[in-house]
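Quick notes on the structure that follows.
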Amino acid sequence: MSSVVPALQYEEMTQEAKNFVDERIKSGSRVTNMVKTLLYSMPSFDAMEFYPVRNELQKIIGSRAIYFYCYAISTENDCLVCSTYHAKLLRDLNISFNEFEFTEIEQMLIDYGRGLVNNANTIDESIYDRLRSQFTSEEIVLITTVGCKMIASNIFNEALKVDLDEYLFEVEFDKNILPAKS
């Protein structure tokens, strides 16, 4: 199945979009198919930009926890692009899943992320209690914002059938590594 809207080619981009792409490449970052699709509309790109909030949360909880959080959300939403991307990030951490245990924070974030996806109105109060015991109100808002942005990215990619980026074609990952749903 092909994309509803093809990834925007550099030659077709506005100058503002080209400037963004040039800066991204100059910094050594990728410009994914999702970003190339969003760049049709800079206001849409600005609204959907994920990394500023994700990077703030990463400073607080670390890479591994945030990758599991986003992976749990993306697999729960069956988003091929986002789940494969986060599977790659987790794989790149060289975690030995044979001898692996989730930290208390990772388990809590996985539970919270799944709750956000399935029905935010029915998230178990015990999950909120665990969040409040570990994080400040500001951090809980940041965690929730990252989760909501991830869900929005999932929906965007699935709705427009954004093509999986080529560098992700060979990523294999078992979503069963996540803990059983509680």
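The values are calculated or read from the model by the stated rules, or taken from the named source; none is laboratory data. Keep in mind the model is a prediction, meaning the values are calculated, not measured. Virtual Cβ from ideal backbone geometry, glycine too; neighbours counted across all protein chains shown. Just the protein is used for accessible areas: all its heavy atoms, side chains included, with ligands, DNA and RNA removed. Shrake-Rupley method; radii C 1.70, N 1.55, O 1.52, S 1.80 Å.
Heavy atoms only, probe 1.4 angstrom, no DNA, RNA or ligands counted: give me Asp46, Asp163 ranked by accessible area, highest first. Could you put the intermediate results ahead of the total?
Working: Asp46 90, Asp163 70 Å².
Heavy-atom accessible area, descending, gives Asp46, Asp163.
With +1 on the Cβ of every Lys and Arg and -1 on the Cβ of every Asp and Glu, and nothing else charged, how large is the dipole of the stretch 1-134 about its Cα centre, in debye rounded to the nearest 20? Could you put the intermediate results ahead of the total?
Values: 13 positive and 19 negative charges, 73 e Å.
Dipole of the stretch 1-134, to the nearest 20 debye: 340 debye.
Counting every Cα pair in the stretch 53-140, what percent are over 23 Å apart?
Values: 813 of 3828 pairs.
Cα-Cα pairs in the stretch 53-140 separated by more than 23 Å: 21 percent.
In the stretch 63-99, whose amide N lies under 15 Å from the spot 7 Å out along Cα-to-Cβ of Asn55? List them in ranges.
Once the point is set 7 Å along Cα→Cβ of Asn55, 63 turn out to lie under 15 Å by backbone N, inside the stretch 63-99.
What accessible surface, in Å², does a 1.4 Å probe find on Tyr51, ignoring ligands, DNA and RNA and rounding to the nearest 10?
60 Å²
Starting from the Cα of Lys18, draw a straight line to each of the lysines and keep only those under 28 Å, dropping any in the same chain fewer than 8 residues away.
Lys26, Lys36, Lys88, Lys149, Lys161
How large are Rg and Dmax for the chain when only the alpha carbon atoms are used, in Å?
16.9, 51
Over the stretch 27-182, what relative contact order in percent results from Cα pairs under 8 Å that are six or more residues apart? Write out the running numbers ahead of the final one.
On the way: 131 pairs, mean separation 57.3, N = 156.
RCO, the stretch 27-182: 37 percent.
Taking 0.36 nm per residue of separation and subtracting the Cα-Cα distance, what length does fully extending Leu93 through Glu170 add?
Details: separation 77, 0.36 × 77 = 27.72 nm, distance 1.64 nm.
Length gained, Leu93 through Glu170: 26.1 nm.
Set the Förster distance to 41 Å, then compute FRET efficiency between Arg132 and Glu11 from the Cβ-Cβ distance, nearest 0.05.
Details: r = 51 Å, r/R0 = 1.24.
According to the calculation, E is roughly 0.20.
Using a 1.4 angstrom probe on the protein heavy atoms only, could you order Thr103, Thr75 from most to least accessible area? Write out the running numbers ahead of the final one.
Values: Thr103 60, Thr75 15 Å².
Accessible-area ranking of Thr103, Thr75, largest first: Thr103, Thr75.
Go through Val141, Val21 and list them by solvent-accessible area, largest first, probe radius 1.4 Å. Provide the component values of the computation, followed by the final result.
Details: Val141 95, Val21 10 Å².
Largest to smallest exposure gives the sequence Val141, Val21.
Taking the chain as a whole, which cysteines find no other cysteine Cβ under 4.7 angstrom from their Cβ?
Within the chain, the cysteines lacking a partner Cβ under 4.7 Å are Cys70, Cys148.
Give the separation of the Cα centroids, the stretch 154-169 to the stretch 29-88, in Å.
For the stretch 154-169 versus the stretch 29-88, the Cα centre distance is 11 Å.
Express the C-alpha Rg of the stretch 80-119 as a ratio against the empirical globular expectation 2.2 N^0.38 Å, rounded to two decimals. Each step should come with its number before you reach the end.
Working: Rg = 11.9 Å, N = 40, 2.2 N^0.38 = 8.9 Å.
Taking the Cα Rg and dividing by 2.2 N^0.38 Å, one obtains 1.34.
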